[in-house]
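Colleague: Pasting a structure here, questions to come.
The values are calculated or read from the model by the stated rules, or taken from the named source; none is laboratory data. On a predicted model such as this, the values are computed, not experimentally measured, just so you know. As a convention, Cβ positions derive from the backbone with ideal geometry for all residues, glycine included, and neighbour counts pool all protein chains shown.
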Amino acid sequence: MYDERPAWAQRMEAERAARGWSPLEAARAMKAHSAAPLPDDKALARQWRRWESGEIEPRDHKELIATVCGTTTHAFFPVVHKRDGRAEIQAASGMDTVDIVSRLRASDVDQATLDAVAITVDRLCSEYAYMPSDQLLIEGRAWLTRVAGMQQQRLTLTQHREVLVQAGMLTLLVGCVEYDSGGQALRRAAEGTRQAALSLGREAGHPLIIGWGHEMRAWFALTRGDLRGVIAAAEEGITAAPTESVAVQLWAQKAKAWARLGDRRQVEVALDSGRQLLEAMGYPENPENHFTVDPAKWDFYAMDCYRKLGEDRLAETLAREVLRAGIDHDGTDRSPMRNAEARVTLGVVAARQGAVDEAVSYGMKALGGERRSLPSLSMVAGDLGSVLAAEHADEPEAREFLSHLRTLHSA
């Protein structure tokens, strides 16, 4: 049956149910997290019921509700934000790609050309989520070559730093796509690319690029199972860029590592540190840029941690929120890589409950996506494989999934 309530109202009910709370207990949790006085428990519980029904919107308590549920305001109450990167380049600069490349070959570079390059880099970083990796790798490397060539032209000091910054962002992007591809040669190349990005960030004095250089090291270590390496890289990155958005993702990587080490307390400390930092940052100008931590991504981080900790109700609730945010009204995956991991999470929960057919269905759909980060997907899908192998190894559907998983691992 179709639920006509706003998404935030449905989520309020789901979050409360996942914690086993009554509306009265939810109201008491709000009061425990609030620095300001609130109505008495019963009145606040009645208000919670009205919010859950979608009858009224909790205009003055959105941040508090998000805090109670361990997420951010904009993740719970999302802002609709769509951009057309290519059209934006044309509108902002009056140039298309051919014009920009032509200007890059001139002996002098004007500010309009630098602005167009910056918008182009932003557009490429925004296409990371869905563009086929081989296509994005070719385009990213081509633009990196063009931008690197600008350093041979006559530039002011300010222009030189801007070129270094754009080259650094492109280098980060290329390194991520190289690692996504999964082959040993490209994974080795990705480490060299990461180090090059880190060097460019240091030369430009750009904390965000430096921070992402450390974040990539944490991500690589996580997919290899080097959990202490994840924590070390994350701590180094947080020290280098403590107030940049990348620090949010570094806290998340720490939380993921602690979850795999089974330390629930450290998971909660890391998640809360990252959540508070993200909440304070407000809504990003372009949430689709891969190197911007958009609010909805926090649910994705927490989902991974709770799946590893065996908190199935919380993990399932967050997985459904990830899919709600990552699928367009026409059913198209807007965030295919996040959605794949959310489907694996739902598969793990189903497998733990004995619903093998449902678990395998989720798992096969996750593995069948065209846009994939092979190391990350292999790591996460391994959780589902472990449950199926341990508890349902005699089921034909489970054996079929495990066969597909071995193919993925070999890739």
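Colleague: Give all pairs with beta carbons closer than 7 Å in which a residue from the range 144-170 that is under 18 Å from GLN195 (Cβ atoms) meets a residue that is surrounded by fewer than 21 Cβ atoms within 10 Å (Cβ to Cβ) and aliphatic (A, V, I, L, M); count only pairs at least 6 apart in sequence or on separate chains.
Modeller: Here the result reads LEU164/ALA204; VAL165/ALA204; ALA167/ALA148; GLY168/ALA204, each pair linking the range 144-170 to a residue that is surrounded by fewer than 21 Cβ atoms within 10 Å (Cβ to Cβ) and aliphatic (A, V, I, L, M).
Colleague: Then there's this: Of the residues LEU155, LEU172, only one is in contact with a helix residue (DSSP H, G or I) (Cβ under 8 Å, 6 or more places away or on another chain), within 21 Å of TYR128 (Cβ to Cβ) and among the hydrophobic types (A, V, I, L, M, F, W, C); which?
Modeller: Testing whether each residue is in contact with a helix residue (DSSP H, G or I) (Cβ under 8 Å, 6 or more places away or on another chain), within 21 Å of TYR128 (Cβ to Cβ) and among the hydrophobic types (A, V, I, L, M, F, W, C) leaves just LEU172.
Colleague: Among LEU402, LEU408, LEU346, which is on the phi < 0 side of the Ramachandran plot, aliphatic (A, V, I, L, M) and buried (at least 23 other Cβ atoms within 10 Å of the Cβ)?
Modeller: So the residue among LEU402, LEU408, LEU346 that is on the phi < 0 side of the Ramachandran plot, aliphatic (A, V, I, L, M) and buried (at least 23 other Cβ atoms within 10 Å of the Cβ) is LEU346.
Colleague: Which of the residues belonging to the range 352-411 are of a type in the set (A, V, I, L, M) and in contact (Cβ under 8 Å) with a residue 60 or more places away in the chain?
Modeller: Scanning the range 352-411 gives LEU374, MET379, VAL380, ALA411.
Conditions (1) farther than 21 Å from ILE119 by Cα; (2) within 20 Å of the chain's Cα centre (by Cα), marked per residue:
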residue	(1), (2)
TRP143	no, no
ARG146	no, no
VAL163	no, no
VAL177	no, yes
ARG188	yes, no
GLY201	no, no
TRP212	no, yes
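Colleague: Take LEU278 and decide whether it is in contact (Cβ under 8 Å) with a residue 24 or more places away in the chain, crowded, with 24+ Cβ neighbours inside 10 Å, aliphatic (A, V, I, L, M) and touching a Pro at 6+ places or on another chain (Cβ under 9 Å).
Modeller: Here the answer is yes, as LEU278 does meet what is asked.
Colleague: Now for a separate question. Within the range 381-411, take every residue that is among the aliphatic types (A, V, I, L, M) and outside any helix (DSSP H, G or I) and give me the one that is nearest to SER181 (Cα to Cα).
Modeller: Among residues in the range 381-411 that are among the aliphatic types (A, V, I, L, M) and outside any helix (DSSP H, G or I), the one nearest to SER181 (Cα to Cα) is ALA411.
Colleague: In addition: Take ASP394 and tell me if it is within 18 Å of ALA302 (Cβ to Cβ), surrounded by fewer than 23 Cβ atoms within 10 Å (Cβ to Cβ) and out of contact with any strand residue (DSSP E or B) (no Cβ under 9 Å at 6 or more places or on another chain).
Modeller: When the stated conditions are applied, ASP394 does not pass them.
Colleague: Does TRP212 qualify as being in a helix (DSSP H, G or I), surrounded by 22 or more Cβ atoms within 10 Å (Cβ to Cβ), out of contact with any Ser or Thr (no Cβ under 6 Å at 6 or more places or on another chain) and at pLDDT below 95?
Modeller: no
Colleague: Check off (1) in a loop (DSSP other than H, G, I, E, B); (2) touching a residue at least 60 places away in the same chain (Cβ under 8 Å); (3) among the acidic types (Asp, Glu) for ASP330 and give me the number that stays unchecked.
Modeller: Unmet condition: (2).
Colleague: Let me ask another. Hey, among TYR301, TYR306, which residue is closer than 20 Å to GLY363 by Cβ and of a type in the set (Phe, Trp, Tyr)?
Modeller: Residue meeting the stated conditions: TYR306.
Colleague: Which ones in the range 380-403 are of a type outside the set (Gly, Ala, Ser) and in contact with a Leu (Cβ under 7 Å, 6 or more places away or on another chain)?
Modeller: Across the range 380-403, the qualifying residues are LEU388, PHE401, LEU402.
Colleague: Which residues, taken from the range 126-156, are hydrophobic (A, V, I, L, M, F, W, C) and surrounded by fewer than 16 Cβ atoms within 10 Å (Cβ to Cβ)?
Modeller: Within the range 126-156, ILE138, ALA142 qualify.
Colleague: So ALA355 clears everything in (1) within 20 Å of LEU408 (Cα to Cα); (2) surrounded by fewer than 17 Cβ atoms within 10 Å (Cβ to Cβ) except one condition, right? Which one?
Modeller: Condition not satisfied by ALA355: (1).
Colleague: So, one more: Hey, can you tell me all the residues within the range 210-236 that are over 15 Å from GLY192 (Cα atoms) and among the aliphatic types (A, V, I, L, M)?
Modeller: Once the filter is applied, which keeps residues that are over 15 Å from GLY192 (Cα atoms) and among the aliphatic types (A, V, I, L, M), the range 210-236 yields LEU222, LEU227, VAL230, ILE231, ALA232, ALA233, ALA234.
Colleague: Counting only residues that are surrounded by 18 or more Cβ atoms within 10 Å (Cβ to Cβ) and touching a residue at least 60 places away in the same chain (Cβ under 8 Å), how many does the range 307-317 have?
Modeller: Adding up the residues that qualify gives 5.
Condition check ((1) assigned to a helix (DSSP H, G or I); (2) touching a residue at least 40 places away in the same chain (Cβ under 8 Å); (3) under 16 Å from the mean Cα position of the chain (by Cα); (4) surrounded by 17 or more Cβ atoms within 10 Å (Cβ to Cβ)) across all residues:
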residue	(1), (2), (3), (4)
ALA259	yes, yes, no, yes
VAL269	yes, no, no, no
SER273	yes, no, no, yes
TYR283	no, yes, yes, no
THR292	no, yes, yes, yes
PHE300	yes, yes, yes, yes
CYS305	yes, yes, yes, yes
ASN339	yes, no, yes, yes
ALA350	yes, no, no, yes
